[in-house]
1. Given 138, 158, which one is surrounded by 11 or more Cβ atoms within 10 Å (Cβ to Cβ), modelled with pLDDT of 95 or more and touching a strand residue (DSSP E or B) at 6+ places or on another chain (Cβ under 8 Å)?
2. When segment 141-176 is examined, which residues are found to be touching a helix residue (DSSP H, G or I) at 6+ places or on another chain (Cβ under 6 Å) and either part of a loop (DSSP other than H, G, I, E, B) or of a type outside the set (A, V, I, L, M, F, W, C) (or both)?
3. Evaluate segment 93-111: report whether one residue or more is of a type in the set (S, T, N, Q) and either surrounded by 15 or more Cβ atoms within 10 Å (Cβ to Cβ) or modelled with pLDDT of 95 or more (or both).
4. Since residue 163 meets every condition but one in (1) surrounded by 13 or more Cβ atoms within 10 Å (Cβ to Cβ); (2) closer than 30 Å to residue 192 by Cβ, which condition does it not meet?
5. With (1) within 30 Å of residue 78 (Cα to Cα); (2) in a strand (DSSP E or B); (3) of a type outside the set (D, E, K, R) as the list, and residue 204 as the residue in question, which single condition is left unmet?
6. Go through (1) over 30 Å from residue 196 (Cα atoms); (2) in contact with a Ser or Thr (Cβ under 9 Å, 6 or more places away or on another chain) for residue 78 and report which single condition fails.
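The values are calculated or read from the model by the stated rules, or taken from the named source; none is laboratory data. Everything numeric in this text was worked out from a predicted model, so none of it was measured. In this analysis, Cβ positions are derived from the backbone assuming ideal geometry, glycine residues included, and neighbour counts consider all displayed protein chains.
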Amino acid sequence: MGKLTNEDLVKKISEKYSDQVTLLGEPFGLPTFETSREQIIDLLTWLKNDPSLQFIYLTDITAIHYPELPKPLGLIGLHLQVSYQPALNVKSQPIGDNRIYIWRPHDDTLYHLILTTPTGCWAKAGLHTRNTILSIDDQPVKTRPSFYNMINNLKIGDKVIIEVKQQDGTHKIPVTVSGYEVPVTQITEIDHPSPRLLKLYQQWDTGN
């Protein structure tokens, strides 16, 4: 199969299905279409069997485009909004960034770091995933419970010295513990939904 451009794909689908398939746009350079559930099987079968298309991999056929989450919810008159707020404990107080973890390879006697975000205080201080951790404030890290006990007792503003072994040698890295933010999702009804959206929402809400 030769190179297929977005324009070629849009033209072929439009010629084949006319108004049964709607082009929603090209987010991230990927043509995104909408069709009915009655039409989807026929559309996918055609995309797979057409000699000039041959869409046979799941990476070619995507049911939902996740980077734009409001679209799936918008079909029934709902709006998804994601915001961020400080992570809190059970007393609604901001907590220190404890998103640092350790693991030990089966052929090693020492623990290694795992960092899940480059924006946390640990990564910003110069620590990296796979660094071998030796001590926290000169206390050797010998077990997982002892490591997590020390980390979970830290508060925002605390200063600790993490001794690690990196490729260029052993370093004692100072870290000032900061807070961090977590995503908060809200689903609300859109203003002035059409009668069609109201009907779809009622069907969804009742499970029918």
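1. 158
2. 141
3. Yes: one or more hits.
4. Going through the list (1) surrounded by 13 or more Cβ atoms within 10 Å (Cβ to Cβ); (2) closer than 30 Å to residue 192 by Cβ, residue 163 breaks only (2).
5. (2)
6. Exception for residue 78: condition (1).
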